[in-house]
Structure formats: C-alpha cells, structure tokens
Amino acid sequence: MQFMLLFSRQGKLRLQKWYVPLSDKEKKKITRELVQTVLARKPKMCSFLEWRDLKIVYKRYASLYFCCAIEDQDNELITLEIIHRYVELLDKYFGSVCELDIIFNFEKAYFILDEFLLGGEAQETSKKNVLKAIEQADLLQEVSHHEACIAPSGNAFLTQHSSFLIHEPTLNSHILITRNMCS
Amino acid sequence: MPAPIRLRELIRTIRTARTQAEEREMIQKECAAIRSSFREEDNTYRCRNVAKLLYMHMLGYPAHFGQLECLKLIASQKFTDKRIGYLGAMLLLDERQDVHLLMTNCIKNDLNHSTQYVQGLALCTLGCMGSSEMCRDLAGEVEKLLKTSNSYLRKKAALCAVHVIRKVPELMEMFLPATKNLLSEKNHGVLHTSVVLLTEMCERSPDMLTHFRKNEKLVPQLVRILKNLIMSGYSPEHDVSGISDPFLQVRILRLLRILGKSDDDSSEAMNDILAQVATNTETSKNVGNAILYETVLTIMDIKSESGLRVLAINILGRFLLNNDKNIRYVALTSLLKTVQTDHNAVQRHRSTIVDCLKDLDVSIKRRAMELSFALVNGNNIRGMMKELLYFLDSCDPEFKADCASGVFLAAEKYAPSKRWHIDTIMRVLTTAGSYVRDDSVPNLIQLITNSVEMHAYTVQRLYKALLDDISQQPLVQVASWCIGEYGDLLVSGQCEEEEPIQVTEDEVLDVLEGLLVSNLSTPVTRGYSLTAIMKLSTRFSSVNRIKKVVSIYGSSIDVELQQRAVEYNALFKKYDHMRPALLERMPIMEKTATNGPTEIVQTNGETESSDSKHMPSIAQPANQANDLLDLLGGHDVGPVIQTALPTKPASAGGELLDLLGDLSLSGGPAPSPTPSVTISQPPFLLDGLSSQPLFNDTAAGIPPMTAYNKNGLKIEFTFERSNPNPNISVITIHASNTTEADMTDFVFQAAVPKTFQLQLLSPSSNVVPALNQGNITQVIRVLNPQKQQLRMRIKLTYTYKGAPVQDLAEVNNFPPQSWQ
C-alpha cells in the first residue's frame, strides 16, 4: 500500500497515512485530486478505479470514505478486507465508532492503524492481538503519565493535567483506561 | 502563564468556526501560543502542544516549526511523549529534510529499550518513513530483532526489514540468515510478515529466488501452512466469515506464484493445493472471492497443467456473473491478462463479457470493451461487431475514440466482405465521426481505394451522409476525397449494391463548395474539398464552374488553401495539357505501414498527409527497367528523376513533375497536385535535397572510376556511402570537357535495373566549360537493397558548337565496394 486517506463526504481529511516519501506539496495535491475523484463517483459504481498508475480501493462507511492506493500486483479484494478490518478495530476500540470519534481522537486512530499495518502491510492478522497491544500501550501511557506527574514534587501539580486522578496521587490507585490522553 | 488548552477543547473550538476566516484566526492564535510555549522549553505541555499542532496540520495549516519538538518528545522518557513524538515525526518529517537524521540515535536507543511497546514504536517509525541513511545505520538492530523470540517484535522487525530492503537493496543479504526458521513460527502475525519479507526478497533478486526454491525448500513449507489453514477447524482468533486467516492465505498464494513461475518442479508441487483452494473456498462473501482471485492469478502465472487453467478461467467466468460489481471488475481485468495465452477458454465466456458492455460502471465498461476487442475473430466478427457498434452509439465520449479505432482494426482484420467493411466504416463515421483518430482518415481512404468494385456504392453512401451532416470532420474528409475521386460514378448512377441516386454535377459541386464555406469545416477539411473540386474538373463537364471556384480561393486568407488554389489555377492556365494525367484516378495503394507515423512528403508545401501515406510501397518494381525515362529536361525545375515509377497506366505524355520539395528552387510554380501523381517513396527522398553534392570526400576506399570518355567529354564517378542507410550509395559525377569549345545545355540522365532505385539531384550547371576549365558535378543516389551488382545506362545530351549531340552508354565497371 502506498497511502491511506480517510475523508468526509465534504472532502475534509480525517486521517492520512503515507508509506511513500513525498513532499508536503505533493501530498496535498494528490489528496485534493483523489478526494475530488472519489467523491464524484456514484454510489453504484465499483470500489476500484485506476488513477495515475495506481489502483485505488475505496469504501464508504457512514459519512467517512476509506481510500487506499495499492500497487499493480496487490490484490484489490483483500484490500477491501483490510479496510474492513481497520473499521472493525476502530469499532471495537471506540464502541460503535462514528466520525466524531475519529475527529476528536485522531491520534488514537493513528495508533490503532500503526498496530495493524506497518510499512503498508498487515503486521497482525488477529483482531484480538491488535486490540490487546493497543490496550497495553494505553495502560503504559497512563502509568508513565501518572509517574511523571508524581515524580517531580508529588503535589497537586497533577490535577491540572490528569482528567482521571483526583487528588490522592498514589501509585496504587486503580487506573481506569480512559480515552482522554493528552487532553 | 496559563496551561495551554487541551487538545479536545481546541478541536471543539475550531469546529465552532463558521467561516474559513474565523477558523484561520483561531488557528493563528493557537499557533502563536504554541510557539511561545515551545520557546519556553516547557517539557510538561510539549506533548499536548504537538498533538494540537498535528491536528492543525491535518486541517492543512503549516506545522514545520513543530518538527524539532517532535524530536525532543521522542527523546523523552515518558511513553506518552514518545507516542506523540513518533506520530509527529511520521506526519511532519520526511526524508528530504536533514532534521530527520537526528532521529536516528533516538530510534537506535529505543530499538533496544526494555519496554517492547517503545521498541514497537521505533520499529514502526523506521519501517514507515526511514530514509536510506537511517536504514543503513539501523539495519543491524532490525536484524537482531528479527531473531528475537518475542513474536510481537519479530513481526514488526520483519516488515521493517522489508522497508530497509526497499530503500537499500544491497542490505538484503544480511537478513538471509534470520529468515531460516521464520516459517516454523506458530504466530500468524509473524507468519504473515515473514511471507511478506520472503516475497520481497524473491521479487528483488533472482539468486534469492533460486536459493529459496532449491535450498530452503520453501514451496513444501508454504503448501503445508496453507493446507493447515484450510483443513483446520474454526479458529476464532483468525476467522473471517468462516475462512481462516484470509490475509495469510492470500500472501502465501502470492509467494507461491513467484516461486512457481517458470519452474516446473515448484509448479507441480503446488498443483494440488491450488486445486484444493480453488474448489473448496466459500464464495458467498468477498473474503472467499479474494482468495479465489489470488488463486486464479497464481494458476495463470505458473506452469500449471491445463485442467487447472481451465478451472481458473471458469472461476473467472463465474465471477463475471456475480452480483458484486467489484468481483466482475476483477474478473474482467484478469481475463484481459489471460486472453492472449488462453484464448479459447476465454472465448467461452464471450457472451457474458459482451453483456458487461451494458454495465453502468465506467471501469467495467472499459474493461469489457478492451476484452471484447481481444476476443473478436473471424468467426464471431459479425455478431461482435453488432454489439460493439451498438456500444459505440451509446457509450460515453471518453470511450468513443478507442472504440472507433478498435472497430476499424477488427474490421480490417476480419471483415467477411468488402461491402460489410464499408458499411461498418460508414456506421462508425456517421455515429462517432468526430471521435475518430486522425490517422484513420488516410487508412480508410486507402481501404476504399482498394475495394474497386465498391467505389460507386461507397461514394454514394458517403454523399448521402454528407447531405445529412457536415459537422464530423473525419467523415467529411473521407467523403470529399471519395467524391473527388469517384464523382463520375456518382452522377452516372452506376451503383449496383443499392438503389442509385439521381444527382447532378451541380448538386455535387454545391455540396463541396458548401464545405468550403461552412464554419464547421476545419482548414484541413477545406483543403480536401478544394482538391476534390479540382479533381472533378477532369471528371465532370462543368469545368468553368470549377475554374471559377478555384480562382476565387487564389486569394483566400488561409495560406494553405491559397497555395492550392494558385497552383490549380496554374494547372488550368499554363499546364492544362498535363491536367488530365495529373488528376487521374488513383491507383490501388499498398499499405506501407500500419498506423505508424507517416512520412510526410514535402511536396512544395503540400502536406495532405492522406496522400503521402498512400504512396505505393518501395516493393513496387520500377517498370522502366532498362529504358531511359522521359524526364522533365532541366528547365527551371531541378530535375529529380525517379526511375521507379508506380504501375501507372500509360501516363499520357508521361511527364513527371518534380514533386519533391526542393524548396530552394526558384523555378516557376511547379504545380504539384499530388493526388494524382503517385511517387514511390524511397526512404532517402526526404532528406536534404540540394544542388550541392552532398559529400565532398570520397568514401574510404572506394576508388573513383571513369564512366564515359568520348569526344572529349569525360564523366567520372566518385563514391560515398550514405551514412544513415548503408544500402544507399552516393555517386558524384564529374563531367569535364577537354575540347576547345564549351558544351552547353548539358543534361545527364541515368537509368538503373529494376531492383535498384535512383535519384538524381540537380546538377551544378549545364555548361561544361572547354579545356577542363571547370566541370559539372551532379549527385546520384542509388538504393540497392538487394546488394546486386550495379549497372547503369546513361544518356548524355548537349549542344556542341551549335549542333545537338546525344549519346547513350552503359556503365558496367563499377567497383565492387560501391554496391556491396
């Protein structure tokens, strides 16, 4: 896979993952043109199109278009499955995912994608394993966040940042997995 | 300083903006805040700020000032920081900026981190955007991780290795040892990524491919894994709609394809499993079809037995009937790839393919069209053409050009009868006339010329089409040309194929003149009609009308038209005796090249490409073998003499014109209505016609010779090889005079045997001064494709002391090097 784009029906970009080195200008141009092309397609048309020298595979889920650019020797039908698997992962993680989830938690969407694909290829074919890895990483993030907050002087400094810990900074307090990192 | 606002809050705020300007304002404000925060080197909030920056970057705003901050985040010890830092690096940095190299050390450290998730981040970033330098530096670390027992890291390392190999192919070797037992893993993630790695290595290096085939016995291993996947029961972890790990199955099939290509043993080893997959895979969902698709691709690419191939094509045939248009599309694409090799098998599905022409989807229609053309043959031409013409009528404009060309090609190859062929052409011209490619016009004209018995029918149909519609230029051009040629058949009502129409000469001229004045006609079309009108001057009786039209256009603004009109005028006035010969019916033309770039003959500005293409091929023998030709003697037109004349029925007077644009000639307007005079096209005619000898030095080693020496007139030949074409010898004649009187009006003529072709360029002068005070030089070019011995007969005429002298001689003593 060369790149994956997620965009709304109005053409707003929600996620862009590039697996080939291109300048910012080129990326913008490609994005603009491709979004236009895909949005112009009628609903009954097939999910594949040829664009420049790439094969484009796209699918619409609710208000979001998932669009991948693959190479000549790649299998279009399995790419549809890859897209579907990613949507399933997002769905499991966010619980009935919708576009807003991806807007407000875009960095999570990237983290999940990076646990599923690497360099444009699938690294893990088990849904369970991808979600487990994300879960563990989130946990690690909580801990390190927590630790950093305590470490300097162990005072109410942390209440400004953490949205979950209240005022008793103890390492033993039960850490809930929330979705509000870096907030 | 208040804490920077949270990411979610920023997102919320920005989304409330009602206009682009409002949003920009918010963004700028926030960017300013972030910038100052960066300046303060605030460690606590850096992560939050970079995250916000990434959001704004996605909206399209510049975020390059955050690049270094990403690096600082990566270097931090907090996992949160690293996570955002690496994400930022992947989004904001790319290998073009030197900044990215600063990451290398951080990544190196993180690759050896105690926490696997940190290692994972590093591997992911490296595998996604690592530059060649980074890859070179870190390949060793990646290789180490490829051998770890931690499957979480191992699978990532494998894909990272793929990226390293893509960036720095020379490093492929170092990963070889680590691949040894990759396939014995149980973990599907590792298996999948290992197969990807092996695929990459095999694709890149034939040596690797051989190694894996022979030494590692990869094929049996892969077959075993695939078999387990298919045979094993339900595995909840990897199940997709009842199929076990389709992603892995597809990748294995792809690797098998590469291993089995052009290798009998490997292909045989995988035959069974391929058959099994092809027959047992559930096809109700996309997943199953994805696997079948890959299987079909593999079967077609390896050396599979014919039964398996037929199975594959049948799968594709079933795909064509699938409701899912994606499947249909994929089937058509695959069939297109296989139609050359398995033509008969694909033919069986022809009707389904033709039905796809009516599909609503543009991509499917295009594929179906391409495939349909590939399937046309002598047996199905009538039926197929009906469908394709129907398609041409109703398809989108983007298809029309290709479809029209395809129809012409197919018709040319398989036309069952001439009448059918002409009818098909007519249909295309009238329905898609404006989309037809430019080179179709000359091709069609040539075709029409060759169907001698259909001339009357053709011209009649074309005329009727013109009456209906003059907007489609290719149609109009072909029609005008035909009317010009066969107008006499039109008015005499000779059509046999259909009811002859009654039309008078005036009506025909009305139509042609109408084309000249119409706004719809392009300049090229106007050129065609003017020439057509001119031709009719020898076929119709209303010459005066034609003369009038031609003279009017002598002052046309269009230079092309003007030139033609002036020349035709001259034809009427000064050269009327030549007119009938020049405007004679065109002979049957042989095709010189199919759809290739045409050699445009420079004919004093005449660039009617249709005509230039219809020059008979070089193969036509010169029939004036040993006779000397009638030539235009010298005069004001530089004599360029063709000895190879086309098989023209006895040209009245047989005076040829110099049609080759020796544009430096100042001689009077040599009328050159090319339509009637066809000239053979030896390839060298187009370059550098000048009166100077083209080469002044003799070719190495070919000695000069005396061709003629009598009565004081000596003619010497010197030789040269023409560089671009070794079959051409360039001979320069030097005529000198040892007598005490000049030889004036000197003309040198030459003829060569049938297998040669001769071109004589203009002489330096026509006076041979007395007493060797100077000589005349003239260049002869001889084309000798069969490398036969050169013989020449020459004729000399000159005036000596008031009396005309004429002599004939044979020149046989050519040195062998001149013609070998």
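The values are calculated or read from the model by the stated rules, or taken from the named source; none is laboratory data. Not measured: the values here are computed from a predicted model. Note that we place each Cβ from the backbone using ideal geometry, even for glycine, and neighbour counts take in every protein chain shown.
Here are some notes:
- Restricting attention to the range B:211-262, the residues being among the hydroxyl-bearing types (Ser, Thr, Tyr) and touching a residue at least 24 places away in the same chain (Cβ under 8 Å) number 2.
- Filter pass, residue A:93 being of a type in the set (Phe, Trp, Tyr), touching a residue at least 40 places away in the same chain (Cβ under 8 Å), more than 9 Å from chain B (Cβ to nearest Cβ) and outside any strand (DSSP E or B): yes
- Test: residue in the range B:87-98 that is within 21 Å of residue A:13 (Cβ to Cβ), among the acidic types (Asp, Glu) and modelled with pLDDT under 95: yes
- Residue B:368 vs. criteria within 14 Å of chain A (Cβ to nearest Cβ) and out of contact with any strand residue (DSSP E or B) (no Cβ under 9 Å at 6 or more places or on another chain): yes
- In the set (1) over 27 Å from residue B:291 (Cβ atoms); (2) surrounded by fewer than 19 Cβ atoms within 10 Å (Cβ to Cβ); (3) touching a residue at least 40 places away in the same chain (Cβ under 8 Å); (4) of a type outside the set (Phe, Trp, Tyr), residue B:342 fails one condition alone, (1).
- Here is the figure for the range A:1-44: residues that are more than 26 Å from residue A:118 (Cβ to Cβ) and in contact (Cβ under 8 Å) with a residue 60 or more places away in the chain total 1.
- Counted residues, the range B:36-61 - those being on the phi > 0 side of the Ramachandran plot and modelled with pLDDT under 90: 1
- Residue in the range B:469-482 that is closer than 20 Å to residue B:589 by Cα, of a type in the set (A, V, I, L, M) and touching a helix residue (DSSP H, G or I) at 6+ places or on another chain (Cβ under 9 Å) present: yes
- Evaluating residue B:297 against the criteria (1) without any contact (Cβ under 8 Å) to a residue 40 or more places away in the chain; (2) assigned to a helix (DSSP H, G or I) leaves one unmet condition, (1).
- Restricting attention to the range B:284-294, the residues that are modelled with pLDDT under 90 and surrounded by 15 or more Cβ atoms within 10 Å (Cβ to Cβ) total 0.
- Of the residues B:41, B:30, B:95, B:69, the single one that is among the acidic types (Asp, Glu) and over 30 Å from residue B:116 (Cα atoms) is B:30.
- As a summary of the residue check, residue B:465 satisfies the conditions (1) over 20 Å from residue B:503 (Cβ atoms); (2) surrounded by fewer than 20 Cβ atoms within 10 Å (Cβ to Cβ); (3) of a type outside the set (S, T, N, Q) except for the one numbered (1).
- In the range B:174-202, the residues that are surrounded by fewer than 21 Cβ atoms within 10 Å (Cβ to Cβ) and in a loop (DSSP other than H, G, I, E, B) form Cβ pairs under 8 Å with partners that are polar (S, T, N, Q) and modelled with pLDDT of 90 or more, at six or more places apart or across chains, as follows: B:185/B:151; B:185/B:194; B:187/B:151.
- Filter result (crowded, with 21+ Cβ neighbours inside 10 Å and in a helix (DSSP H, G or I)) within the range B:526-548: B:526, B:527, B:528, B:529, B:530, B:531, B:532, B:533, B:534, B:535, B:536, B:546
- Cross-chain or 6+ apart pairs with Cβ under 6 Å, the range B:306-327 first and in contact (Cβ under 8 Å) with a residue 24 or more places away in the chain and closer than 15 Å to residue B:283 by Cα, then part of a helix (DSSP H, G or I) and among the aromatic types (Phe, Trp, Tyr): B:327/B:319
- Residue check for residue B:64: surrounded by fewer than 16 Cβ atoms within 10 Å (Cβ to Cβ) and at pLDDT below 95: yes
- Residues being touching an Asp or Glu at 6+ places or on another chain (Cβ under 9 Å) and either assigned to a helix (DSSP H, G or I) or facing another protein chain (nearest Cβ under 7 Å) (or both) - total across the range A:97-117: 5
- Taking the range B:249-308 as the range and being among the hydroxyl-bearing types (Ser, Thr, Tyr) and within 14 Å of another protein chain (Cβ to nearest Cβ) as the test, the residues that pass are B:281, B:283, B:284, B:293, B:295, B:298.
- Scanning the range A:38-90 for residues that are within 8 Å of chain B (Cβ to nearest Cβ), in a helix (DSSP H, G or I), more than 15 Å from residue A:5 (Cβ to Cβ) and aliphatic (A, V, I, L, M) yields A:77, A:78, A:80.
- Looking across the range A:1-35 at every residue that is outside any helix (DSSP H, G or I) and basic (Lys, Arg), the one that is farthest from the other protein chains (Cβ to nearest Cβ) is identified as A:9.
- Check on residue B:332, in contact with a Leu (Cβ under 8 Å, 6 or more places away or on another chain), crowded, with 23+ Cβ neighbours inside 10 Å and within 14 Å of another protein chain (Cβ to nearest Cβ): yes
- Candidates in the range B:96-128 are the residues that are facing another protein chain (nearest Cβ under 7 Å) and within 45 Å of the chain's Cα centre (by Cα); of these, the one that is farthest from residue A:21 (Cα to Cα) is B:124.
- Residue, nearest to residue B:129 (Cα to Cα), within the range A:2-30, restricted to residues that are crowded, with 20+ Cβ neighbours inside 10 Å and aliphatic (A, V, I, L, M): A:4
- Helices (runs of 4 or more DSSP H) (entirely within the range B:1-95) containing at least 3 residues that are within 12 Å of chain A (Cβ to nearest Cβ) and either without any contact (Cβ under 8 Å) to a residue 60 or more places away in the chain or of a type in the set (Lys, Arg) (or both): B:7-16, B:43-59, B:79-92
- Top-ranked residue in the range A:122-132 [being within 7 Å of another protein chain (Cβ to nearest Cβ) and out of contact with any strand residue (DSSP E or B) (no Cβ under 7 Å at 6 or more places or on another chain); ranked as surrounded by the fewest Cβ atoms within 10 Å (Cβ to Cβ)]: A:128
- Those residues of the range B:9-26 which are within 10 Å of residue B:52 (Cβ to Cβ) and surrounded by 13 or more Cβ atoms within 10 Å (Cβ to Cβ), in sequence order: B:10, B:11, B:14
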